[in-house]
Amino acid sequence: MAKRVIVVGSGIIGASIAYHLAKGGAEVTVIEAGETGGLATRASWAWINASWGNPEPYFRLRLKSIEHWHKLQGEIPALAINWCGGLIWDLPPAELEAYAAERAKWGHPLRKVGRGEIHVIEPNLTTAPDFGYFAPGEGMLEPLATARVLLDAATALGAEVLAETPVKWLAEEHGRVVGVMTDVGVIHADETVVAAGAQSAQLLDSVGLTFKMNAPAGLLSHSKPARKLLNGLVMTPGLHIRQTAEGRIVAGTDFAGADPEGNAEGLALDLQAKVEAMVEGAEGLGLDFFTVGYRPTPADGFPAIGRPDERNGLYLVVTHSGVTLAPALGLFAAHEILSGTRDPLLATFSPDRPTLT
């Protein structure tokens, strides 16, 4: 008999878990409090990268997930990923050199580029440093659309998606999680996966489990649509920018988004002004809208994947780097839930590590 699995959360992580579970033969129900696609996903800068994964185990996990993004594209043709690469110079020169040397040691070399080549890669930048680094093989996607493509692929394999269905608490019997309580009562399952982003700690608390996490706010500005002005991702001190498939330039002070500090609109307008000063052709483009997302982040900053307190029937996946890690964590979680085998790359990412409990 197929294992019945509930996935709480339909962001890019939950959607990937649902797809891989359904592909593995599970009977899957995805439960989402609001519209499909979750909250953090739709407010992501959406950079697929291994550039900023430190220490090495985190880097290795991110690198493996990039590999799995390519495999998923082969399985799901509707996935649209732009493997554009990215320009990086958002560290002081000496730190940037050391960072690149570390990546080379780990087998992920970055290409050093001078000012002239930077302008070849991104001819519309108004300024460039003496040198930066280019990260080939990294990419970007449209996060909400991607989550929904993964959900569609899961439903094509038999998964059910319940939107606008808030989970009140986890249901437990005799020390085992047996499903979730909703407004229509308990929905039962053999396994319940909590991939609910910022709400994950609250759900774990409902069965007496402590999980330390943060959900810092990150603001991104979105310009009005424009012709193609950027070829890829650009990471500079205090401003990270990319252009969406619709032509909007999305900007944050870094890839996590700026702290709105009680003045979200003012900060968004400031970011847009910086974009217009940095990108030739963007002058007068104007701000279209801004987003403020709450980034689900375990207290020590690293992913948490596995069974909290070895609780039967319960599995947790919480990470800030959802866009990069979605395919690998979806695959690894599904494999562990269905076969009991844990991937070695998850060895340091237990939800029971002392920094989180």
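Considering region 10-31 alone, what residues qualify as being in contact with a strand residue (DSSP E or B) (Cβ under 7 Å, 6 or more places away or on another chain) and part of a loop (DSSP other than H, G, I, E, B)? I'd like the intermediate steps shown before the answer.
Our first condition is that a residue be in contact with a strand residue (DSSP E or B) (Cβ under 7 Å, 6 or more places away or on another chain); within region 10-31, this holds for 10, 13-14, 17-18, 21-22, 26-31.
Matches in region 10-31: Ser10, Ala26.
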Can Asn214 be described as closer than 30 Å to Gly85 by Cα, modelled with pLDDT under 95 and surrounded by fewer than 22 Cβ atoms within 10 Å (Cβ to Cβ)? yes
Name, by its number, the condition in (1) in contact (Cβ under 8 Å) with a residue 60 or more places away in the chain; (2) surrounded by fewer than 23 Cβ atoms within 10 Å (Cβ to Cβ) that does not hold for Val184. (1)
Test result for Gly86, surrounded by 24 or more Cβ atoms within 10 Å (Cβ to Cβ), touching a residue at least 24 places away in the same chain (Cβ under 8 Å) and farther than 23 Å from Gly197 by Cβ: yes
Taking region 57-98 and keeping residues under 27 Å from Val120 (Cα atoms), small (Gly, Ala, Ser) and part of a helix (DSSP H, G or I) leaves Ala94, Ala98
Residue that is farthest from the chain's Cα centre (by Cα), among those in region 128-138 that are modelled with pLDDT of 95 or more and either surrounded by fewer than 23 Cβ atoms within 10 Å (Cβ to Cβ) or outside any strand (DSSP E or B) (or both): Asp130
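What strands (runs of 3 or more DSSP E) completely inside region 281-325 contain at least 1 residues that are open to solvent by 40 Å² or more (accessible area, probe 1.4 Å) and touching a strand residue (DSSP E or B) at 6+ places or on another chain (Cβ under 9 Å)? Reasoning before the result, please.
Details: elements: 287-294, 304-306, 314-318.
By residue number, 287-294.
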Can you tell me which residues in region 38-56 are in a loop (DSSP other than H, G, I, E, B) and within 12 Å of the chain's Cα centre (by Cα)? Gly38, Leu39, Ala40, Ser44, Trp45, Ala46, Asn49
Checked region 99-125 for anything outside any loop (DSSP other than H, G, I, E, B), of a type in the set (Gly, Ala, Ser) and surrounded by fewer than 15 Cβ atoms within 10 Å (Cβ to Cβ); matches are Ala101, Ala104, Gly114, Gly116
Tally of residues being small (Gly, Ala, Ser), farther than 25 Å from Ile76 by Cβ and out of contact with any strand residue (DSSP E or B) (no Cβ under 7 Å at 6 or more places or on another chain) across region 152-192: 2
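Modelled with pLDDT of 95 or more, within 25 Å of Val7 (Cβ to Cβ) and part of a strand (DSSP E or B): which single residue out of Val149, Val161 fits that description?
Details: Val149 fails: part of a strand (DSSP E or B).
Answer to the selection: Val161.
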Inside region 21-62, can you point out the residues that are under 22 Å from Ala80 (Cα atoms), at pLDDT 95 or above, open to solvent by 20 Å² or more (accessible area, probe 1.4 Å) and out of contact with any Asp or Glu (no Cβ under 9 Å at 6 or more places or on another chain)? Thr36
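Yes or no: region 218-235 includes at least one residue that is of a type outside the set (D, E, K, R), more than 20 Å from Thr297 (Cα to Cα) and without any contact (Cβ under 8 Å) to a residue 24 or more places away in the chain. Walk me through it before giving the result.
Of region 218-235, the ones of a type outside the set (D, E, K, R) are 218-223, 225-226, 229-235.
Next, from what is left, pick out any that are more than 20 Å from Thr297 (Cα to Cα): 221-223, 225-226, 229-235.
Now drop any that are not without any contact (Cβ under 8 Å) to a residue 24 or more places away in the chain, which leaves none.
There is no residue in region 218-235 that is of a type outside the set (D, E, K, R), more than 20 Å from Thr297 (Cα to Cα) and without any contact (Cβ under 8 Å) to a residue 24 or more places away in the chain.
May I ask you to list the residues in region 331-349 that are open to solvent by 30 Å² or more (accessible area, probe 1.4 Å) and either small (Gly, Ala, Ser) or modelled with pLDDT under 95 (or both)?
If the condition is that a residue be open to solvent by 30 Å² or more (accessible area, probe 1.4 Å) and either small (Gly, Ala, Ser) or modelled with pLDDT under 95 (or both), then Ser339, Gly340, Ala347 are the ones that fit.
The values are calculated or read from the model by the stated rules, or taken from the named source; none is laboratory data. The shown structure was predicted, so the numbers you read here are calculated from the model rather than taken from an experiment. With ideal geometry, Cβ positions are generated from the backbone for all residues, glycine too; neighbour counts draw on all protein chains shown. Protein only, heavy atoms only, side chains kept; ligands, DNA and RNA dropped before computing areas. Shrake-Rupley method; radii C 1.70, N 1.55, O 1.52, S 1.80 Å.
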